[in-house]
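Take a look at the structure below.
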Amino acid sequence: MKRVFGILFFLVISLCHAQATNTDEMLAPLDSALSRRDVYMHRKELRLDKLRHSIRYTRDGDRRLALYEKMYEEYYTYRFDSAMSYAKREYALAVSLKAPRYMTLALLHRALLLATSGYYSEAEHLFESVDTTRMDRQLWFTYYWTGLWIYSYWSGYSQGNDFVTIYDNKRNEYIQRCLVYADKGSALWCYLYAELVYYKDHDVKTSLRYYRLAERRAPKASRTYASATYGLARCYKELGQMQRYEYWSVRSAISDQLCPLKENLSLQELAMHLFQKDERNAERASRYLYFSLDDAQFYHNKLRILGISEKLPGITAVYERQLDHSKQVRTRQNYLLGILVVVLLYTLVVILRQNNKLNRKERQVSRQNDLLKQMNQQLTQANNRREKYMRLFMDLCALYIGKLNNYQKLVVRKIKAHQEGELVQRANSTKLADNEAIEFYSRFDKAFLELFPSFVEQFNALLRDGKKVEVSNKGGLTTELRIYALVRLGVGESVEIATLLFYSPQTIYNYRTAMRKRAINPDTFEDDVRALHG
């Protein structure tokens, strides 16, 4: 039984963790967009600065009217006071220039802004005062668009009272009239048609199809996209498809940030949904509502500020309780952590001591290994030297054995031929001795330089500047170098050297004496030569 309970508990914890992870992943793009609010606002302000600059240096009246209209459009969903200011400037300039089209636009703008701020009766009065006798197609669309939003805002404010049906009907009527003047098939037309079907016929599935068409055809950083995705979220919520509701609410809230739209509703409604779904979302819901409140204050929408202010306390109270609970849990965790730290410190001290012992042993083993490596290298080098010495010795022995054999055959042949006189003459010939010496020197030089390839350079390093030994024959040695080559090989006596090189002992002695005088350190010169490593 305990095992079954443990498995169930583990599954519940895993499910909760998976749900929290899914929520975080879904909201990650929105959190990223919210973190860049200042960037989007800076871009918006740059556009506004360019328009202000154009207005400042424009003297043409019609051009100024067009720029006032553009400034209103930029400010309409961004900042109420500024939008109203430019609508009034537009109206005043239109009156002075007798431009009825811009007079009508300015009045419609002011009426729409009044409705946005909750002045519904004043908005309706101004809206109904507009002269509709001379209006083009675009003006008619703006006129009906204004009526649509006046009664849409009024309907939203009047939910629960007896007048809401009147405002709903008027809103639906103006949506129908807008559709006549909108470009059929455009993103805006699809959005308006979806709104009409939703509000008038309450055909949610048809509304979904047209909201999707509007969402696909509208730029993501546009009010049409934000409104269409808001409509999609609302439809999916009614169908009970909450994951899709959350998805499209997030898309709508992101679009509000990209525009940026300060007159928005998606983020506020998403915050309340997350809180109602799970009170553990209180922190995020509170943060989203504060963003919405900041937008409402920036826009100066008193109704939005009031609505958000009514919702915040309940969420904040839950969040504060969660914080208090988290603090208590954190305090207990800190106590446990303190105990664990003490245990870990003790364990660490023990481990460090053991590691020090192991390190000392490792260093000893490493030193012994290094000594063994050095000994192995020395033995290897010694073996290589022995092999080379042996090869040099065998080469010279083979040479002279061969020569002795040849000379022996020559003696036998001459004696048999009774040519003793010629044999004596050949034996007394100096040319023969010279040839033998030259061949010996060549063999010796080649073998020695193979054994000690850098001998000449190292030997000259022991001599003073200007006293170096110059070698004219590449790959060969001079007489001085051959003498000290034999010294390096361990032949120290001048008599032995003289015998090997076919010189008298006195000649060898003279060479050695002269060379010591050329050395940097004459007293230790020959010892230095013996120490050369090749």
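What the table shows:
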{"item": "GLY466 being open to solvent by less than 90 Å² (accessible area, probe 1.4 Å), part of a loop (DSSP other than H, G, I, E, B) and modelled with pLDDT under 75", "result": "no"}
{"item": "Complete set of residues in segment 255-272 that are free of Cβ contacts under 8 Å to residues at least 60 places away in the same chain and open to solvent by 20 Å² or more (accessible area, probe 1.4 Å)", "result": "LEU265, GLU269, MET272"}
{"item": "In segment 495-534, the residues that are farther than 21 Å from GLU439 by Cβ, hydrophobic (A, V, I, L, M, F, W, C) and in a helix (DSSP H, G or I)", "result": "VAL495, ALA514, MET515, PHE525, VAL529"}
{"item": "Hits in segment 175-192 - residues which are open to solvent by 30 Å² or more (accessible area, probe 1.4 Å) and either over 47 Å from the mean Cα position of the chain (by Cα) or in contact (Cβ under 8 Å) with a residue 40 or more places away in the chain (or both)", "result": "GLN176, ARG177, VAL180, TYR181"}
{"item": "Filter result for ALA87 (in contact with a Phe, Trp or Tyr (Cβ under 6 Å, 6 or more places away or on another chain) and aliphatic (A, V, I, L, M))", "result": "yes"}
{"item": "Total residues in segment 471-483, condition modelled with pLDDT of 85 or more and either surrounded by fewer than 19 Cβ atoms within 10 Å (Cβ to Cβ) or aromatic (Phe, Trp, Tyr) (or both)", "result": "3"}
{"item": "Any hit, segment 89-108, residues being open to solvent by 40 Å² or more (accessible area, probe 1.4 Å), within 30 Å of GLN159 (Cα to Cα) and part of a helix (DSSP H, G or I)", "result": "no"}
{"item": "Of residues in segment 148-181 being of a type in the set (Phe, Trp, Tyr) and closer than 17 Å to LEU114 by Cα, the one modelled with the lowest pLDDT", "result": "TYR157"}
{"item": "Residue that is under 44 Å from the mean Cα position of the chain (by Cα), hydroxyl-bearing (Ser, Thr, Tyr), buried (at least 19 other Cβ atoms within 10 Å of the Cβ) and part of a helix (DSSP H, G or I), where the choices are TYR72, TYR68, TYR86", "result": "TYR72"}
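The values are calculated or read from the model by the stated rules, or taken from the named source; none is laboratory data. It should be emphasised that the depicted structure is a prediction, and the values quoted were computed from it without experimental measurement. We place every Cβ from the backbone using ideal geometry, glycine too, and count neighbours over all the protein chains shown. What goes into the accessible areas is simple: the full protein's heavy atoms, side chains included, and nothing from ligands, DNA or RNA. Shrake-Rupley method; radii C 1.70, N 1.55, O 1.52, S 1.80 Å.
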